[in-house]
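What follows is calculated from the coordinates using simple rules that are stated; it is not laboratory data. All figures in this text were calculated on a predicted structure; none of them were measured in a lab. So basically every Cβ, Gly included, is an ideal-geometry build from the backbone, and we count neighbours across all protein chains shown.
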Amino acid sequence: MHYIVCAAWNNVDKTKITYTSILEKTTGLFKFILVNNGSDDGTKEWMDSITPPKNVTFIHAKENGGCGIGRNIGLRAVGPDATYITLIDNDIVATHRWDTDMIAFMEAKKEFGLCGPCTNYAGTPQLIPKPHPKTMEEIEKFAAEWRRTHVAKYVVVPGSLVVIGFCMMIRKEAFDQIGLFDEQFKLYGCEDNDYCNRMKKGGWKLAYWRGNYVHHWGGAGLTALGDKGLAQWDKNREIMKRKWGHA
């Protein structure tokens, strides 16, 4: 079973788009865990106002402990039937076959513990050249053409580079070995880098999966936190340096 875990802090309008796109564009069997990570912008009220399908679970956290902590809340709810777990941010747009194509890759390449798709907003080689699509219609059209021209292509993540957690598929066997996110990393910043480093240290390969495009609006959470978020980002970078010798 494929589990999809999303930790959402505020940004309710984008969360609604993410939620809808997952339900509409995920083509394989899946279970979706949506964590309200201490939002105060109407996210809880929106979630309480709808009846989710049987394969969707809503969880409410009392406060925003940050990205890694919110993800861990969702990860602890993953069932024993899991084979793959995908972590997503609450500002993505899933596109046709985003899930089944990545799963097919992971099934064929058992040495990979983690992979992530191409996107329009990332600080890694997952970033594709401009121009980027903007409207929902453009996103789906662009994703279809990208998939057609990049079928079954991937790149092994080299050196100290990482996969960004906006959409990160993890093999359950690898997750069982590596475990949860390190909750030293508060709010936002470096929790993905740390997790990827731990995955590599555990002997797993990581991949940039070139076969699919998933749209990422990007940056809303950190921007909303302002100076508090930037200060915590710096603290997280110092934690990374102590753990790994680099940020």
*HN-Hα J couplings of segment 188-204 from phi, Karplus 6.51/-1.76/1.60, θ = phi - 60°, integer Hz, Gly and Pro as x?*
10, x, 6, 5, 5, 4, 4, 5, 5, 4, 5, 4, 5, 4, x, x, 9
*asked:* On a straight-distance basis, which lysines could pair with LYS186 in a cross-link, Cα separation under 20 angstrom, same-chain partners fewer than 8 positions away excluded?
replied: LYS62, LYS228, LYS235, LYS241, LYS243
*Counting every Cα pair in segment 1-103, what percent are over 17 Å apart?*
47
*Considering the options GLY38, ILE50, GLY245, tell which one lies farthest towards the positive end of the dipole of the chain, charges being +1 on Lys and Arg and -1 on Asp and Glu at the Cβ, about the Cα centre.*
GLY245
*Residues with amide H under 5 Å of THR83's amide H, sequence separation 5 or more or different chain, H placed in the peptide plane at 1.01 Å from N; which?*
HIS2, TYR3
*For the chain, what is the relative contact order in percent, using Cα pairs closer than 8 Å and at least 6 residues apart in sequence?*
25
*Give the share of C-alpha pairs in each 5 angstrom bin for the chain, from 0 to the last occupied bin, in whole percents, shortest bins first.*
1, 6, 15, 19, 21, 18, 13, 6, 1, 0
*Top mean-square fluctuation among ALA77, ALA231, ALA152, Gaussian network model of the chain, C-alpha springs under 10 Å?*
ALA231
*asked:* Can you work out the Karplus-derived ³J(HN,Hα) for every residue in segment 104-109? Use 6.51 cos²θ - 1.76 cosθ + 1.60 with θ = phi - 60°, whole Hz, and x for glycine or proline.
replied: 4, 4, 5, 5, 7, 10
*asked:* From the helices alone, meaning DSSP H stretches of at least four residues, give me the mean residue ellipticity at 222 nm for the chain, per-run term -39500 (n - 2.57), in deg cm²/dmol to the nearest 500.
replied: -12500 deg cm²/dmol
